[in-house]
Amino acid sequence: MNTYIDQLIDLAIAKDIGDGDHSSLSCIPKNEQGQVHLLVKEEGILAGVELTKEIIKKVDPNLKMEVFLNDGTKIKPGDIAFKISGNVISILQAERLLLNFMQRMSGIATQTAVYADLIQDLPTK
């Protein structure tokens with residue numbers, strides 16, 4: 001993986017998780033297993049799926065991710081981009097990070113697509 005991306009994920013984990021998610025640690029059994037999915041709420045262009053794979057590997061290499069939609073896909077409300085299953089505390093720790101990155105990246109990708117559509121008939125590269 002790209003060293004800068006690796007460092008960015010490490011910094012995000014250190015900032016967001018620090019010495020642990022104390023709310024989850026105090027309320028959820030340590031070995032509790034579960035599953036979540038990313039439900040799309042707005043139309044746009046999906047971005048951050050590949051980064052999410054790297055985030056979950058760093059947070060907990062035992063988490064499993066099943067991808068249904070890839071980066072660059074046009075999305076609409078109700079689409080499910082992926083599922084993550086495994087330790088619930090690990091899922092919650094990864095969730096905050098991946099949502100922050102994916103929302104930002106998908107917003108940029110969506111706005112870029114708007115501009116690209118506006119100039120598609122012009123002699124631009």
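The values are calculated or read from the model by the stated rules, or taken from the named source; none is laboratory data. Only a predicted model underlies this, so the values are computations on that prediction, with no experimental measurement involved. Because the Cβ atoms are built from the backbone with ideal geometry, glycine has one as well, and the counts that use them run over all protein chains shown. The area values use the complete protein model at the heavy-atom level, side chains included, leaving out ligands, DNA and RNA. Shrake-Rupley method; radii C 1.70, N 1.55, O 1.52, S 1.80 Å.
Key figures
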read-out: Whichever aspartates and glutamates have a C-alpha closer than 20 Å to that of K30, once near sequence neighbours (fewer than 8 apart) are set aside; value: D16, D19, D21, D60, E95
read-out: Largest-first ordering by accessible area, 1.4 Å probe, given options E66, E54, E42; value: E42, E66, E54
read-out: Highest-fluctuation residue, L11, L98, L63 considered, GNM on the chain with Cα pairs under 10 Å; value: L11
read-out: Ordering of 113-119, 72-78, 85-91 by burial proxy (mean other Cβ atoms within 10 Å per residue, highest first); value: 85-91, 72-78, 113-119
read-out: Carbon plus sulfur fraction of accessible area for region 21-125, probe 1.4 Å, in percent; value: 54
read-out: Helix-derived mean residue ellipticity, 222 nm - over the chain, DSSP H n ≥ 4, -39500 (n - 2.57), to 500; value: -16500 deg cm²/dmol
read-out: Kirkwood hydrodynamic radius (C-alpha pairs) into Stokes-Einstein, region 1-60, 10 °C and 1.306 mPa s, D in µm²/s; value: 114
read-out: Gain upon complete extension [S23, K64; 0.36 nm per residue less C-alpha separation]; value: 12.5 nm
read-out: Set of lysines near K53 by C-alpha distance (under 18 Å), chain-local residues within fewer than 8 positions excluded; value: K64, K83
read-out: Accessible area (Å², per residue) of the chain, counting only protein heavy atoms and a probe of 1.4 Å; value: 67
read-out: Value of relative contact order over the chain, rounded to a whole percent, pairs C-alpha under 8 Å and six or more apart; value: 32
read-out: At least 18 Å along the helix axis (C-alpha) and Kyte average at least -0.5, DSSP helices within the chain; value: 3-16, 88-118
read-out: For the chain, size of Cβ-based charge dipole, Lys and Arg +1, Asp and Glu -1, in debye; value: 80
